[in-house]
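Participant: Dropping the structure in here first, questions after.
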Amino acid sequence: MPHTLDPELRRALAARIRYYNEMGIYDFYRRPPSVQAAEVATPVAVEEQEVVISANAVSTNQPESREEMSPRKTAAAPTPVAIEENIFGTSAPKPEQNVNDPVKALKIIRNDLGNCTRCDLHKGRKNIVFGVGDSKAELMFVGEGPGADEDETGEPFVGRAGQLLNNMIKAMGIEREQVYIANIVKCRPPSNRTPEREECDTCSPFLMRQIAVVKPKVIVALGATAAKTLLAMNSSMIQLRGRFYDFKPASVQSNDPSWDGCKLAVTYHPAFLLRDPRQKSEAWKDLQMVMKELGLKPPAKSAQ
Ligand code: SF4
């Protein structure tokens, strides 16, 4: 009988499973707290369509007796991965959850982050770039990570890409101060490289908490790293753009029970648009979709 998983846990579990799949690991077993992993081999049932848990990645001539007794009658991969029940920490309440003032709640998260050394990105940073903007914003932009200018100032999107983002926001008929802006990772990756998956996984729980505090109506993921991390999907930008996704931060409860997540759209990162301005018209289509959702009208002079 399949286990019924909480949607947030399922999203996080799906992301972790894809990560293992990409490493060539396809078999997963749940380890009950009171039983040694060697004594059990209960396949984890995941109903998400894109995740396939297969037991036939590696065939062996002499399967263990447990597999022979299994209804699937298939051979197991040599190294099953035991997934702990509490690996995603879904049950731990966050300290900001009982705080109604979003400014104070964000400060609590920032204090919790502290002088963070949770991943290697702390080694080269000058400043942690936490996030900026209206703590009650209806619209939130999430980028990939800080660049040199952001590292210097501690504020996201202040360099050339930031100027373009400001123009994009203005073209939507609003000001930068009316939105909330953050990144998947809060420290600058060396030489502006793409953050590693492990770094994204380590840092993004703080972003999830920020989202749960701000409670936007729409999130715009800027670029593939932001989109793939937030959606736990490994698709191309062409596949990801052009539609809304239902989004709820993984493993975090909002302090507002009436907030049941938001919509998420994907568009190109402004830094990419600086390199390939021909894609600006495509990005504008994405933003128009968001504007329609939020009832925004472009200022007359900025309309394209
Ligand atoms: Fe901590 Fe995030 Fe910086 Fe890594 S990127 S050190 S997790 S704040």
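Participant: Please tell me if SER281 is surrounded by fewer than 19 Cβ atoms within 10 Å (Cβ to Cβ), in a helix (DSSP H, G or I), more than 20 Å from the chain's Cα centre (by Cα) and of a type in the set (Ser, Thr, Tyr).
Facilitator: Working: surrounded by fewer than 19 Cβ atoms within 10 Å (Cβ to Cβ): yes; in a helix (DSSP H, G or I): yes; more than 20 Å from the chain's Cα centre (by Cα): yes; of a type in the set (Ser, Thr, Tyr): yes.
So SER281 fits the description; yes.
Participant: Kindly establish whether VAL99 is over 17 Å from SER254 (Cα atoms) and in contact (Cβ under 8 Å) with a residue 60 or more places away in the chain.
Facilitator: No, not satisfied.
Participant: Additional query: Identify, by number, the condition in (1) in contact with a Cys (Cβ under 7 Å, 6 or more places away or on another chain); (2) assigned to a strand (DSSP E or B); (3) within 16 Å of the ligand (Cβ to nearest atom) that ALA182 doesn't meet.
Facilitator: For ALA182, the exception is condition (1).
Participant: Restricting to segment 158-170, name every residue that is closer than 16 Å to ILE219 by Cα and touching a residue at least 40 places away in the same chain (Cβ under 8 Å).
Facilitator: Result: LEU165, MET168.
Participant: Could I ask something else about it? Would you be able to tell me the number of residues in segment 193-252 that are within 13 Å of the ligand (Cβ to nearest atom) and assigned to a helix (DSSP H, G or I)?
Facilitator: Residues in segment 193-252 being within 13 Å of the ligand (Cβ to nearest atom) and assigned to a helix (DSSP H, G or I): 16 in total.
Participant: I want to confirm something. Restricting to segment 143-168 and keeping residues that are more than 22 Å from the chain's Cα centre (by Cα) and open to solvent by less than 40 Å² (accessible area, probe 1.4 Å), which single residue is nearest to GLU293 (Cα to Cα)?
Facilitator: It comes out as MET168.
Listed here are the residues, each with its yes/no results for (1) part of a helix (DSSP H, G or I); (2) of a type in the set (Phe, Trp, Tyr); (3) over 19 Å from LEU222 (Cβ atoms).
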residue	(1), (2), (3)
LYS107	yes, no, yes
ARG110	yes, no, yes
PHE130	no, yes, no
LYS136	no, no, yes
MET140	no, no, no
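Participant: Another question, if that's okay. Sort through ASP286, ASP276 and tell me the only one that's touching a strand residue (DSSP E or B) at 6+ places or on another chain (Cβ under 6 Å) and not hydrophobic (A, V, I, L, M, F, W, C).
Facilitator: It is ASP286.
Participant: Assigned to a loop (DSSP other than H, G, I, E, B), over 24 Å from LEU231 (Cβ atoms), polar (S, T, N, Q) and away from the ligand (no atom under 15 Å from the Cβ): which single residue out of ASN115, ASN100 fits that description?
Facilitator: ASN100
Participant: Search segment 248-268 for residues that are more than 17 Å from LEU230 (Cα to Cα) and pair each with any residue that is open to solvent by 40 Å² or more (accessible area, probe 1.4 Å) and at pLDDT below 95 when their beta-carbon atoms are under 8 Å apart and the residues are at least 6 apart or on different chains.
Facilitator: These pairs meet every condition: ASN255/GLN97; ASN255/ASN98; ASN255/ASN100.
Participant: Here's another thing I want to ask about it. Before we move on, is GLU138 touching a residue at least 40 places away in the same chain (Cβ under 8 Å) and either away from the ligand (no atom under 16 Å from the Cβ) or charged (D, E, K, R) (or both)?
Facilitator: Yes.
Participant: Ok, one more. Checking the condition over 20 Å from the mean Cα position of the chain (by Cα), among the basic types (Lys, Arg) and within 11 Å of the ligand (Cβ to nearest atom), which residue from LYS107, LYS123 passes?
Facilitator: LYS123
Participant: Here is a follow-up. Quick check, is GLY173 farther than 22 Å from GLU293 by Cα, over 19 Å from the mean Cα position of the chain (by Cα) and in contact (Cβ under 8 Å) with a residue 24 or more places away in the chain?
Facilitator: The answer is no for GLY173.
Participant: Something else about it: Criterion first (more than 13 Å from the ligand (Cβ to nearest atom) and at pLDDT 95 or above) does VAL158 satisfy it?
Facilitator: On the way: more than 13 Å from the ligand (Cβ to nearest atom): yes; at pLDDT 95 or above: yes.
Yes; evaluated as a whole, the condition is true for this residue.
The values are calculated or read from the model by the stated rules, or taken from the named source; none is laboratory data. What you see is a predicted model; the values in this text were computed from it and never measured. Cβ atoms come from the backbone with ideal geometry, glycine included; neighbour counts cover every protein chain shown. Accessible surface is based on the protein model in full, side chains and every heavy atom, while ligands, DNA and RNA are left aside. Shrake-Rupley method; radii C 1.70, N 1.55, O 1.52, S 1.80 Å.
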